[in-house]
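The values are calculated or read from the model by the stated rules, or taken from the named source; none is laboratory data. Nothing here was measured: the structure is a model prediction, and the numbers come from that model. We place every Cβ from the backbone using ideal geometry, glycine too, and count neighbours over all the protein chains shown. Side chains included, ligands, DNA and RNA excluded: accessible areas come from the protein's heavy atoms. Shrake-Rupley method; radii C 1.70, N 1.55, O 1.52, S 1.80 Å.
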Amino acid sequence: QVEAEISGIGQLKSKLNDFQETLDELRTEANLKGREPTINNPTEGVEPFTAEASNSAVEGDYQIKVSQLASGSRIQTADAAFTDTADSVLSSGSGDLTFRAPKEDGSGNDSFTITVTDTMTLQELSSAINANSDNFGVTSSIVSTGTDTGGVKLIFTSDRTGEDNDLVIINDDDIAELQKVSTVSSDGSTAVGDNLTPVVYAQNAKANIDGIDVESSTNVFENVIENVSFTATELSELEADGVTYRASKLSIGFDSEGVEKTIRDFVDNYNNLNAEIKRLTRYGQSDLEDDGAFAGDSMIRGIQSGLNSIMFSAVSSSSLGGLFQLGIEFNEDGDLEIGSFDKFGLGSGEDRLKDALSDSFDEIASLFTDETSGVAVNLYDFVEEYTSYSGLLKSRENAAKDVKEQLLTDREQLELRLMNTEQILRDKYLNLDLTVSKL
């Protein structure tokens, strides 16, 4: 019986913990006031951007066109500057090349230096750049044009996007041969010539929102629309004229689907808990059916009645007033449900839930999260009294384990007494046999 009680407490705690996890999500306002961005593109094959919205974003619709993506600078060596990847960059001596670009936060520059020796080939220079531990985002690659006029080209690509964030390669020692792979001389201001050509300058991302042109140094547009960010992923589709960009519609609305799922999880997890309480506190219907481990137990019944009392108490801070206006009600079995039938002339549970999600979305958060009367807040605190490490169930479990230990101790002592009694009896009968034998 004691072991059944210990097992029952463990099962009850498991269900209470599951229910408490749902309550933890429901008692946090941010989880119930989410805004959901929806994007409708002219065609399914082109998705110019993705979007996110904070809980304070205002509902609205926006027409957005992406006309340019942010990119870093791309530089390549001049035609025929090198004929083969095994060409030496320097014929003699050594010199330093410093690669520099503005930091992403605009607080200065990032840089790293490569020492070029007379034994270093074009391929080795490219590999040294890519492998440098201080490399902040410069990628070097080699392309063979397959022609004598083009030769082999060394290409530098920087991941620092945004206008004026161009990669600069400094010829620190002003060595003439290193002009082939540098953009400026040692003082950082004098152009080296046409040996390196910026094929693509670093550029901003560009978009148009409801007729207003906007730019960003990265592909992420933060708070261009208040409390909304969107990330450009590709150019918008062009109209038939091949010039005009087609707009995608960004709609900011309530995350009704996510909140509805959380509410239904709340109902399901309560019913799972309620079913466990019913099983543990049931009385057998006949002598052949055992009672539950906590049949008639006042504490376990107290959990059930306490939960029910909190769930259907009035919440003055929310215009909804209580869970009933959210469509939640008890059925004839004592479980929660969001019913499909109108029992009281006030609409079915499904109808009331739908109305609350569409007409009183922010009031749902108040119903659950109010610090004083919020349903989820009070339920969480109530359950915590039983599930915490020093909670009532833990104390009950410890007491049951103490009883079990005492029973085991008593059993051992009883077995010892039985063994002693048996030995005494055996000794007496042995003496009796000896006496009878003598007689």
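Quick rundown of the values:
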{"read-out": "Near pairs, Cβ below 6 angstrom, 6+ apart or cross-chain, from the range 144-173 (within 17 Å of Ala128 (Cβ to Cβ)) to any residue that is open to solvent by 30 Å² or more (accessible area, probe 1.4 Å) and among the basic types (Lys, Arg)", "value": "Thr157/Arg74"}
{"read-out": "Unique residue being among the small types (Gly, Ala, Ser) and open to solvent by 30 Å² or more (accessible area, probe 1.4 Å) when the list is Ser318, Ser348, Ser298", "value": "Ser298"}
{"read-out": "Residues satisfying the stated conditions in the range 382-396, i.e. open to solvent by 60 Å² or more (accessible area, probe 1.4 Å), under 26 Å from Asn31 (Cβ atoms) and of a type outside the set (D, E, K, R)", "value": "Tyr389"}
{"read-out": "All positions within the range 397-423 that are of a type in the set (Lys, Arg), touching a helix residue (DSSP H, G or I) at 6+ places or on another chain (Cβ under 6 Å) and either open to solvent by 100 Å² or more (accessible area, probe 1.4 Å) or at pLDDT below 85 (or both)", "value": "none"}
{"read-out": "Candidates Leu353, Leu357 - the one that is out of contact with any Ser or Thr (no Cβ under 8 Å at 6 or more places or on another chain) and either open to solvent by 10 Å² or more (accessible area, probe 1.4 Å) or closer than 22 Å to Ser256 by Cβ (or both)", "value": "Leu353"}
{"read-out": "Residues that are in contact with a Leu (Cβ under 9 Å, 6 or more places away or on another chain) and among the β-branched types (Val, Ile, Thr), drawn from the range 115-135", "value": "Thr115, Val116, Thr117, Thr119, Ile129"}
{"read-out": "Strands (runs of 3 or more DSSP E) completely within the range 130-216 that count 3 or more residues being open to solvent by less than 30 Å² (accessible area, probe 1.4 Å)", "value": "152-158, 168-171, 205-209"}
{"read-out": "Contacts under 9 angstrom Cβ, first residue in the range 280-291 being more than 17 Å from Glu3 (Cα to Cα) and of a type in the set (Asp, Glu), partner in a loop (DSSP other than H, G, I, E, B) and at pLDDT 75 or above, 6 or more apart", "value": "Glu289/Arg282; Glu289/Tyr283"}
{"read-out": "Hits in the range 113-129 - residues which are of a type in the set (Ser, Thr, Tyr) and outside any helix (DSSP H, G or I)", "value": "Thr113, Thr115, Thr117, Thr119, Thr121"}
{"read-out": "Checklist (1) among the charged types (D, E, K, R); (2) modelled with pLDDT of 90 or more; (3) under 29 Å from Ser366 (Cα atoms) applied to Glu36, failing item", "value": "(2)"}
{"read-out": "Residue satisfying all of: in the range 254-295; among the small types (Gly, Ala, Ser) and touching a helix residue (DSSP H, G or I) at 6+ places or on another chain (Cβ under 9 Å); least open to solvent (accessible area, probe 1.4 Å) among these", "value": "Gly292"}
{"read-out": "In the range 368-381, the residues that are surrounded by 14 or more Cβ atoms within 10 Å (Cβ to Cβ) and either free of Cβ contacts under 8 Å to residues at least 60 places away in the same chain or not in a helix (DSSP H, G or I) (or both)", "value": "Asp370, Ser373, Gly374"}
{"read-out": "Failed item in (1) outside any loop (DSSP other than H, G, I, E, B); (2) open to solvent by 70 Å² or more (accessible area, probe 1.4 Å), with Leu307 passing the rest", "value": "(2)"}
{"read-out": "The one condition in (1) at pLDDT below 95; (2) open to solvent by 70 Å² or more (accessible area, probe 1.4 Å); (3) touching a strand residue (DSSP E or B) at 6+ places or on another chain (Cβ under 7 Å) that Leu235 fails to fulfil", "value": "(1)"}
{"read-out": "Residue match in the range 26-35 (condition: in contact (Cβ under 8 Å) with a residue 24 or more places away in the chain, surrounded by 16 or more Cβ atoms within 10 Å (Cβ to Cβ), out of contact with any helix residue (DSSP H, G or I) (no Cβ under 8 Å at 6 or more places or on another chain) and not in a helix (DSSP H, G or I))", "value": "yes"}
{"read-out": "Scope the range 245-291; condition within 29 Å of Gly60 (Cα to Cα) and among the small types (Gly, Ala, Ser); matching residues", "value": "Ala247, Ser248, Ser251, Gly253, Ser256, Gly258"}
{"read-out": "Residue tally, condition open to solvent by less than 50 Å² (accessible area, probe 1.4 Å) and not β-branched (Val, Ile, Thr), over the range 113-126", "value": "4"}
{"read-out": "Positions within the range 382-399 being closer than 16 Å to Lys15 by Cα and either β-branched (Val, Ile, Thr) or in a helix (DSSP H, G or I) (or both), in sequence order", "value": "Phe382, Val383, Glu384, Glu385, Tyr386, Thr387, Leu392, Leu393, Lys394, Glu397"}
{"read-out": "Filter pass, Ala365 being open to solvent by less than 60 Å² (accessible area, probe 1.4 Å), within 26 Å of Ala275 (Cβ to Cβ) and either part of a helix (DSSP H, G or I) or of a type in the set (Val, Ile, Thr) (or both)", "value": "no"}
